[in-house]
There are 2 protein chains.
Amino acid sequence: MQKIDFAKGDGLVPVIVQYYRSREVLMVAYMNREAWEKTRKTGKAHYYSRSRKGLWLKGEESGHYQEVKDAFIDCDNDTLLLQVRQLGGGACHMGYRSCFFRKSKKGRGGWKVSAKRLFDPEKVYKKS
Amino acid sequence: MQKIDFAKGDGLVPVIVQYYRSREVLMVAYMNREAWEKTRKTGKAHYYSRSRKGLWLKGEESGHYQEVKDAFIDCDNDTLLLQVRQLGGGACHMGYRSCFFRKSKKGRGGWKVSAKRLFDPEKVYKKS
């Protein structure tokens, strides 16, 4: 198996997460080797949280797990793409299906919300 | 216009590039503020090359420009998603439509080429 190049990004690779059917991009996160191995073994997406500095099972708090369908590696071996089934409808902690819920036409106008909020984050995430 | 947070990544933000129709993820690149401004003004995707340490107009050598259709910003203001029309068929310097041309079923098997090569890189890129 060609190796993922974790060294280039100081132990981390960016991971693009895409809904496997619609191909909508849901979020971008990071994995270290441990997160990748846990993801492979469990079939559920695990990431490395740069703010909390530790392993993070996506959905551990919200129940919004991501079941991995397929993984892709880029030509430089330093970026991953996951196609997942997103449980609970939304990947974004702000209650949207995708973290990319604000759009700018051709990048020229302002950012405008272009998606519907699916859930109330306060009801899904405990206060920490 | 909400500001893109360039500070978090030392002046750079990752940019996910997606074909605007099929939603196929083509590549991941980086932008600094200058690249973003050039992209907005010209309608053609410009990036910051971390290896060459400078502005890079995608397609400047190959002619495979990317026309920007829509831009999206993520909930943390530190990652962009571009939907583009990819000229010349392929975004990858190795001759594939997408840089993510190797796939692993559920991330468990090896990486296998899952796409067709569209062009011969040696005929498109000059040797430098």
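Every number in this text was worked out from the coordinates using simple rules, so none of it is lab data. Predicted model only: the values in this text are computed from it and were never measured. All Cβ positions, even for glycine, are placed from backbone atoms using ideal geometry, and neighbour counts span all protein chains on display.
Which residue is it, in chain A, whose C-beta lies closest to the A-to-B rotation axis, and what is that distance in whole Å?
Closest Cβ on chain A to the axis mapping it onto B, in Å: A:Arg23, 2.
Step through the residues of region A:39-49 one at a time and calculate ³J(HN,Hα) from phi using the Karplus curve (6.51 cos²θ - 1.76 cosθ + 1.60, θ = phi - 60°), rounding each to whole Hz and writing x for Gly and Pro.
Whole-Hz 3J(HN,Hα) from phi for region A:39-49: 4, 4, 6, 9, x, 10, 5, 10, 10, 10, 7.
Quick one: Karplus J couplings for region B:9-17, per residue in order, coefficients 6.51, -1.76, 1.60, θ = phi - 60°, nearest Hz, x for Gly and Pro?
Couplings: x, 6, x, 10, 10, x, 10, 8, 10 Hz.
Can you give the direction-averaged projected area of the convex hull of the alpha-carbon atoms in region B:79-119, in nm²?
Working: hull surface 16.1 nm².
Answer in nm², one decimal: 4.0.
Would you kindly derive the ³J(HN,Hα) couplings of region A:100-105 from the backbone phi angles with the Karplus curve 6.51 cos²θ - 1.76 cosθ + 1.60 (θ = phi - 60°), listing them in order in whole Hz, with x for Gly and Pro?
9, 9, 10, 10, 9, 5
Would you be so kind as to identify which of B:Tyr47, B:Tyr30, B:Ser114 lies farthest towards the positive end of the dipole of region B:1-115, taking Lys and Arg as +1 and Asp and Glu as -1 on Cβ and the Cα centre as origin?
B:Ser114
Sort shortest first the distances from A:Pro121 to its counterpart in every other copy, using label points 7 Å along the Cα-to-beta-carbon line, and give them in nm.
When each copy's label point is compared with this one, the spacings are 4.0 nm.
Mind listing P(r) for the protein assembly as shown? All alpha-carbon pairs, 10 Å bins, whole percents.
With 10 Å bins starting at 0, P(r) equals 7, 31, 38, 21, 3, 0.
Filter the trypsin sites (Lys or Arg not before Pro) in region B:36-128 down to the DSSP loop ones having no more than 16 other Cβ atoms within 10 Å, then list what survives.
Numbers: sites: B:Lys38, B:Arg40, B:Lys41, B:Lys44, B:Arg50, B:Arg52, B:Lys53, B:Lys58, B:Lys69, B:Arg85, B:Arg97, B:Arg102, B:Lys103, B:Lys105, B:Lys106, B:Arg108, B:Lys112, B:Lys116, B:Arg117, B:Lys123, B:Lys126, B:Lys127; in loops: B:Arg50, B:Arg52, B:Lys53, B:Lys58, B:Arg97, B:Lys106, B:Arg108, B:Lys116, B:Lys126, B:Lys127.
Qualifying residues, ordered by number: B:Arg50, B:Arg52, B:Lys53, B:Lys106, B:Arg108, B:Lys116, B:Lys126, B:Lys127.
What are the equivalent ellipsoid semi-axes of chain A, built from the alpha-carbon gyration tensor (square roots of five times its eigenvalues), in whole angstrom, biggest first?
Rounded to whole Å, the semi-axes are 24, 19, 14.
Using the structure shown, list the pairs from A:Lys53/B:Lys41; A:Lys58/B:Lys53; A:Lys123/B:Lys44; A:Lys8/B:Lys116 with a Cα-Cα distance above 30 Å, or answer none. Please list the in-between numbers first.
On the way: A:Lys53/B:Lys41 38 Å; A:Lys58/B:Lys53 34 Å; A:Lys123/B:Lys44 42 Å; A:Lys8/B:Lys116 28 Å.
Over 30 Å apart, Cα to Cα: A:Lys53/B:Lys41; A:Lys58/B:Lys53; A:Lys123/B:Lys44.
Long-range amide H contacts for A:Tyr30: which residues qualify at under 5 Å (H placed 1.01 Å from N, peptide plane, sequence gap of 5 or more or a different chain)?
A:Val15, A:Tyr48
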